[in-house]
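The values are calculated or read from the model by the stated rules, or taken from the named source; none is laboratory data. As the structure is a prediction and not an experimental result, all values here were calculated from the model. Neighbour counts are summed over all protein chains in view; Cβ atoms, including those assigned to glycine, are modelled from backbone coordinates with ideal geometry. Each accessible area value is taken on the protein alone, full model and side chains, heavy atoms only, with ligands, DNA and RNA left out. Shrake-Rupley method; radii C 1.70, N 1.55, O 1.52, S 1.80 Å.
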Amino acid sequence: MKKILLSLVALCCAMTASAQLTEAFAATLQTGDVSKVFYGADAFKTALTEAQDGSVITLSSGTFNVPDNIDKSVKVYGAGMDDDAATGIAKTTLNGQIKINGVEGVQTDDICLEGLYINGSIYIESTDDDQIENLKVVKCRFAGLDCRENSNHFIFRQCKVDGGMGGSSTVATGMMIQNCWISGLIKDFAVESTLVVDHCILRATPYTSYSGNWHGPYYFKNTIMAYDSGNYYSRISDGGVAVNCLGNFNYGEGIIKTNCYTQIAWSALFADGQNNVDYYITNTTTPRTWELADPETYVGDDGTQIGPAGGDYPWDFIPSTPRITESTIANKTVDGKLSISIKAEARPVAE
């Protein structure tokens, strides 16, 4: 309980929402019962340098320079991958590629990234050809995944991926991609990989007779496979499995299909009536929920609606860290004291 209270206090001191408490970018490092706060664009880099395995780093809103390499088993929490108009909280931006590369002879496991806008890709490589285990990326936006090391039990959940997710012939054991919006292709992991794509939207340029682009032979379920009009098809490589997915699979010989739905107009599919599968509602900055207009018709194998709004982790870009929802700061001191009132909302940490 003491550690939880320390986390909450440190976070409330560090978090910024518009001009709530401070204009300084802050990183709070908690190791055991000891907390430190660092300020400025290099605060994340400094916090990681002083961190130990098991440390928690909490970043405020703002833009931070990225460290050269994450080589410790740490958890990094930000204010969010996107601005939240409801509370006025601005996103946490990491300015550059995130590289996760183990130290020679040392496993780098149990890294967690949540609530971050990563202005670059996530790059995975180990120096000693060991598997990297139990990476969890939740409610983050990033340019893509470049995995050049065998991986074990990676989870990508409720993320917006602006590009593709590639494996460079590495083996992905137990990789779960859940409730994500993915703009590029998921491909190039070794055929023996056990990779599951569940309750996602795949926005990759689909297969045509000219392009030759397709997703790898993985297990896709409850997923919306986007395609455009004309000679365009949702293409999964031979040997792939599609269960309760929506899309045009007419070109995909060799796919094992079960209970798949034929593509309909986007405006008829989504409850908001938007005729696209883009991240934002057209001409607004209001994030979409991906709720279906007819969730009882397009049902997944788990009994919930297909796409990011269904499953055990319905689409939600708000991170699990406590959030300052209201603050009042007096204009002047009284008897040498400044009156500050803060209301915070605690949210369950993603499992």
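Okay, here's what the table says:
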| item | result |
| --- | --- |
| Rounded to the nearest 20 debye, dipole of the range 42-82 from Cβ charges on Lys, Arg, Asp, Glu | 80 |
| Given LYS36/LYS75; LYS75/LYS257; LYS72/LYS221; LYS136/LYS221; LYS36/LYS99, the pairs whose alpha carbons are separated by over 27 Å | LYS75/LYS257; LYS72/LYS221 |
| Rounded accessible area of VAL299 (nearest 10 Å², 1.4 Å probe) | 40 |
| Approximate spin-label separation ASN152-VAL34, in nm, with each point projected 7 Å along Cα-to-Cβ | 3.1 |
| Overall Cα dimensions of the range 50-98 - principal axes, largest extent first, Å | 35, 21, 13 |
| Amide N of the range 61-82 lying under 12 Å from the label point, which is placed 7 angstrom from the Cα of GLN52 along Cα→Cβ | none |
| Derived scalar couplings ³J(HN,Hα) [the range 254-265; Karplus, 6.51 cos²θ - 1.76 cosθ + 1.60; whole Hz; x for Gly, Pro] | x, 7, 8, 10, 9, 6, 8, 9, 7, 4, 10, 4 |
| Gyration tensor verdict on the range 132-227 (Cα atoms; rounded if a/c is under 1.5, prolate if a/b is larger than b/c, oblate otherwise) | oblate |
| 3J(HN,Hα) from dihedral phi, the range 181-196, Karplus parametrisation 6.51/-1.76/1.60, rounded to Hz, x for glycine, proline | 10, 10, 7, x, 7, 9, 7, 6, 7, 4, 4, 7, 5, 10, 10, 10 |
| Contour minus Cα-Cα distance for THR333 and VAL191 (0.36 nm per residue) | 44.5 nm |
| Solvent accessible area, Å² - CYS112, 1.4 Å probe, full protein context | 10 |
| Difference of contour (0.36 nm per residue) and Cα-Cα distance, ALA293 to TYR219 | 24.1 nm |
| In Hz, Karplus ³J(HN,Hα) per residue of the range 268-280 (6.51, -1.76, 1.60; θ = phi - 60°; x = Gly, Pro) | 8, 7, 9, 5, 7, x, 6, 8, 6, 10, 6, 5, 9 |
| Cut-off under 5 Å, modelled amide H: who pairs with ASP301 long-range | ASN222 |
